Amino acid sequence: MMSQMPQPTALSRCPSCEEPLDAADRFCGACGYDLSTVSAPPQDHPTIAMNGASAGLPPAGPSMDRPLTQDVGSTDTPAPVHRAADIRGTDSGGSELPHPERPEHPEHAQGDPAGILPPAARRPAGKPSGVRFDRPSEPDEYPLAPPAGGPDREVPADPRTADLPAPAAGAKLCVACRAGQVDTDGYCENCGHAQPRERDHMEQELGAVAAVSDRGLRHHRNEDAFAVSSTALPDGSPVVVAIVCDGVSSATRPDEASLAASHAANEALLAALPLGTHPQAAMHEAIVAASEAVNALAGPDTAQGEHAPHVNAPACTIVGALVTSTLLIVGWVGDSRVYWVPADRTSLPARLTEDDSWAAQMVAAGLMNEAEAYADERAHAITGWLGADAYELEPHTVSFKPDRPGVVVVCTDGLWNYAETAEEMAEIVPLDAAERPLHTARVLVGHALDGGGHDNVTVAVMPFPAPQQGAVSA
């Protein structure tokens, strides 16, 4: 059977390139388009208009004169081409614009030695043009002129160099310009710089004890808190106190919980110790007072149980230490820690607390060794904390009688994650820690930040035995 030949089309123009066609063309002579695959357009027979009237041809509009293309003459010479540069124009006032002379050889026009630019963009040397190719180089800086003043107009002062009025007594100065006062919204009234939040980095030194707390490098706020103080026992001997609290991030308002707990515990110790309460009993009661302060933060919006399973009451951990001339007392709930680092580094350091955590429970039950337990992703899940939703409050208190001088390091897991064992902690504690507790606390916080700063970091450093100058009440 013979194959069916393509039939000629009745199209007048190629549907691909709009080239005029003859009735017998089967392929476009310009682009080669197969015209047999295109069916003739159907005739348009509208039936009814949208407004209900019979549809017909649209009324003829006013005639429009259009420019005609000149046909090729009998000599096959193409019609002249007119470019935009050949057309005279007028300016906004109606005056005729000057007509630039054409160069004899446009390809050698200034600014286009290779003849790449189109003729309209070329210009002869020394002739004006709407496009500048000789644009001067831009300056590196644009000096700003001072604002113009006048007899009745005061020129504003430069806040960087002007003599500003002395701030009021007790006013907080801007950390950026060091001149303007900070308003209640936390912005400088002089330069507008936003001030860092007060708890992002805190330091305190009382001579016999120092503490530093930092937000770290990954958290958006600091949920740790501390309190350091010193007082005297009834016999006049000194006692120094350090309390460190770590807010539970998964709880509601953990920053408020840690702050309330640290203040409550510190105040309880300062009230009980001068009255002759045994330091270990005073530490136990201080943790109970801290728990009550955190519980008081839980309101109806933090109700627990099946009615609000997605809301956790404010919660935190707590660890505290107090030193006298003969005793070292430690108390805690949670996974913040206390380390003992002797002044004689040939003696062994020690960790004085046991974590209330999943990993510690696994080790205590003999189900895992310490390395395996703390390598588990559940290692830092705490089993004890302060808060209204805590299972049961069980304060841990321990009393020690060191036989040699040393320093006590009280810290959150933001530090001990980077120096977990007692030996690792002793390696990063400076040798002069007892003489420079604030410097030592800064060094330890810096160690955590250098390690990654994944958590808030809080460290308190106190020498043992308590020096006599620590007897001044804070």
In what order, largest first, do Cys177, Cys14, Cys191 sit by accessible area if the probe radius is 1.4 Å?
-> Cys191, Cys177, Cys14
Expected vector for segment 286-292, Karplus 3J(HN,Hα) from phi with 6.51, -1.76, 1.60 and θ = phi - 60°, integer Hz, x for Gly and Pro, equals 5, 5, 4, 5, 5, 4, 5
Residue by residue, what Karplus-based ³J(HN,Hα) values in Hz, rounded to whole numbers, does segment 438-446 have, using 6.51, -1.76 and 1.60 with θ = phi - 60° and x for Gly and Pro?
-> 5, 4, 5, 4, 5, 4, 5, 5, x
In square angstrom, rounded to the nearest 10, how much accessible surface does Val341 have for a 1.4 Å probe?
-> 0
Length added when fully stretched, Glu427-Ala375, from 0.36 nm per residue minus Cα-Cα = 16.5 nm
Rounded, prolate or oblate: which fits segment 380-428, taking a ≥ b ≥ c as square roots of the Cα gyration tensor eigenvalues, rounded meaning a/c under 1.5, else prolate when a/b beats b/c?
-> oblate
Neighbours of Val409 by Cβ distance under 11 Å: Lys/Arg at +1, Asp/Glu at -1, summed charge +2
Residue-span extension gain [Ala30 to Asp403] - 0.36 nm each, minus C-alpha spacing | 123.8 nm
For Glu198 and Glu435, FRET efficiency with R0 = 35 Å and r from the beta-carbon atoms, rounded to 0.05?
-> 0.75
How large, in percent, is the carbon and sulfur part of the accessible surface of segment 216-356 at a probe radius of 1.4 Å?
-> 55
In Hz, Karplus ³J(HN,Hα) per residue of segment 449-458 (6.51, -1.76, 1.60; θ = phi - 60°; x = Gly, Pro) = 5, 5, x, x, x, 5, 9, 4, 10, 9
From largest accessible area down, sort Tyr33, Tyr339, Tyr187, Tyr391; use a 1.4 Å probe on the protein chains.
-> Tyr391, Tyr187, Tyr33, Tyr339
The summed charge of the Ala211 Cβ neighbourhood (under 12 Å; Lys/Arg +1, Asp/Glu -1) stands at -3
Between beta-carbons, use under 12 Å as the cut-off and find the net charge around Cys188, counting Lys and Arg +1, Asp and Glu -1.
-> -1
Report the percentage of all Cα-Cα pairs in segment 286-423 whose separation exceeds 21 Å, rounded to a whole percent.
-> 51
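The values are calculated or read from the model by the stated rules, or taken from the named source; none is laboratory data. On a predicted model such as this, the values are computed, not experimentally measured, just so you know. Cβ atoms come from the backbone with ideal geometry, glycine included; neighbour counts cover every protein chain shown. For accessibility, only protein heavy atoms count, side chains too; no ligands or nucleic acids. Shrake-Rupley method; radii C 1.70, N 1.55, O 1.52, S 1.80 Å.
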